[in-house]
Amino acid sequence: MGLDIYHVVPCPKTTEVLDYFTVAELGDSPGFVEKHHALLAAVDEEEANTKGIYFQDKGYQRKGMNSAFYQDFQNDKLYFDLASVKKAYAYLKADHISTLEQLQQNFRQNFIDNFVEGESLFFASW
């Protein structure tokens with residue numbers, strides 16, 4: 001088990017883009033689905049009526065958060081706001097691979113500076 005943190009944006013389905021969220025998973029922000037309705041696509045071949053939106057990565061981080069992050073953020077919950085991303089920044093913790101400064105620079109560049117509310121999603125998986 002490990003921690004993976006993502007910043008993703010909606011995109012059309014292609015042969016290279018295979019990751020998606022269903023409309024139900026995006027339910028915490030109905031406005032997001034409405035805004036990107038042109039990108040809705042069938043996402044389950046067995047259930048053609050299951051719709052979703054495909055995504056591409058804009059930022060990724062493996063590990064590098066302190067233990068309080070797991071209590072204050074939910075596993076696989078989608079965050080639609082920049083305030084949550086900025087809050088996550090406070091939990092960065094150096095590890096055996098990266099210094100705190102390296103993690104902070106990466107996080108600012110790949111999560112905060114390029115996060116656009118209404119376009120971007122932030123989530124962590126463990």
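The values are calculated or read from the model by the stated rules, or taken from the named source; none is laboratory data. In this text the structure is predicted, and so the values were computed from the model without any measurement. In this analysis, Cβ positions are derived from the backbone assuming ideal geometry, glycine residues included, and neighbour counts consider all displayed protein chains. Side chains are part of the model used for accessible areas, which takes the heavy atoms of the whole protein and leaves out ligands, DNA and RNA. Shrake-Rupley method; radii C 1.70, N 1.55, O 1.52, S 1.80 Å.
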Reported set for the stretch 57-87 where residues are touching a residue at least 60 places away in the same chain (Cβ under 8 Å) and closer than 24 Å to THR14 by Cα is LYS58
Of all residues in the stretch 31-52, count the ones that are open to solvent by 90 Å² or more (accessible area, probe 1.4 Å) and assigned to a strand (DSSP E or B).
1
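Go through the stretch 5-19 and give me each residue that's open to solvent by 90 Å² or more (accessible area, probe 1.4 Å) and under 24 Å from LEU82 (Cβ atoms).
Residue satisfying the conditions is ASP19 alone.
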How many residues does the stretch 20-30 hold that are under 19 Å from VAL116 (Cβ atoms) and open to solvent by less than 50 Å² (accessible area, probe 1.4 Å)?
3
Filter result for ASP28 (within 18 Å of the chain's Cα centre (by Cα) and outside any strand (DSSP E or B))
yes
Here is a list: PHE111, PHE107, PHE115. Which entry is buried (at least 19 other Cβ atoms within 10 Å of the Cβ), in a loop (DSSP other than H, G, I, E, B), at pLDDT 95 or above and touching a helix residue (DSSP H, G or I) at 6+ places or on another chain (Cβ under 7 Å)?
PHE115
Can you confirm whether PHE55 is at pLDDT 95 or above, closer than 22 Å to PHE111 by Cβ, open to solvent by less than 70 Å² (accessible area, probe 1.4 Å) and part of a strand (DSSP E or B)?
yes
Please enumerate the residues belonging to the stretch 1-51 that are in contact (Cβ under 8 Å) with a residue 60 or more places away in the chain and touching a Gly at 6+ places or on another chain (Cβ under 9 Å).
LEU3, ILE5, TYR6, HIS7, VAL8, PHE21, GLY31, PHE32, LYS35
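Within the stretch 1-18, can you find the residues that are under 13 Å from the mean Cα position of the chain (by Cα) and farther than 17 Å from ALA38 by Cα?
Scanning the stretch 1-18 gives LEU3, ASP4, ILE5, TYR6, HIS7, VAL8.
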Under the condition of being part of a loop (DSSP other than H, G, I, E, B) and open to solvent by less than 30 Å² (accessible area, probe 1.4 Å), which residue from the stretch 63-97 is nearest to VAL23 (Cα to Cα)?
LEU78
Would you check if there is a residue in the stretch 1-19 being at pLDDT 95 or above, out of contact with any Leu (no Cβ under 7 Å at 6 or more places or on another chain) and among the aromatic types (Phe, Trp, Tyr)?
yes
